[in-house]
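Comments concern the structure below.
The values are calculated or read from the model by the stated rules, or taken from the named source; none is laboratory data. Small disclaimer: the values here were computed from a predicted structure and weren't measured. In this analysis, Cβ positions are derived from the backbone assuming ideal geometry, glycine residues included, and neighbour counts consider all displayed protein chains. Each accessible area value is taken on the protein alone, full model and side chains, heavy atoms only, with ligands, DNA and RNA left out. Shrake-Rupley method; radii C 1.70, N 1.55, O 1.52, S 1.80 Å.
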Amino acid sequence: MPRPKKCRRICHFPDTLSFAPLETSGDRPVIVLTLEEYETIRLIDREGFSQEQCSEQMKVARTTI
């Protein structure tokens, strides 16, 4: 039986829902971010949080971040 999924705290939703280069070519794979991944990048890169601060904010383990 799989472990139950833990609720994550998301405080900011992205303003833009898609992003792509102006010149697209069919040979590049599409990368899809989940809301959790977006929030992690936002907190660490934009807000300057450490991994530990980010994990406390999102209510998950540091190793999950």
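Could you check the simple spin-label distance between C7 and E23, using points 7 Å along Cα→Cβ, in nm with one decimal?
4.8
Find which of T40, S50, M1 sits farthest along the positive direction of the dipole of the chain, computed with +1 on the beta-carbon of Lys and Arg, -1 on that of Asp and Glu, about the Cα centre.
Working it through, the farthest residue towards the positive pole turns out to be M1.
Share of the chain's accessible area from carbon and sulfur, percent, 1.4 Å? Don't skip to the answer; put the middle values down first.
On the way: 3240 of 6010 Å².
About 54 percent, which is the carbon plus sulfur part of the accessible surface.
With the Cα gyration tensor of the chain giving a ≥ b ≥ c as the square roots of its eigenvalues, does the rule (a/c under 1.5 for rounded; else a/b larger than b/c for prolate; else oblate) give rounded, prolate or oblate?
Verdict is prolate for the chain.
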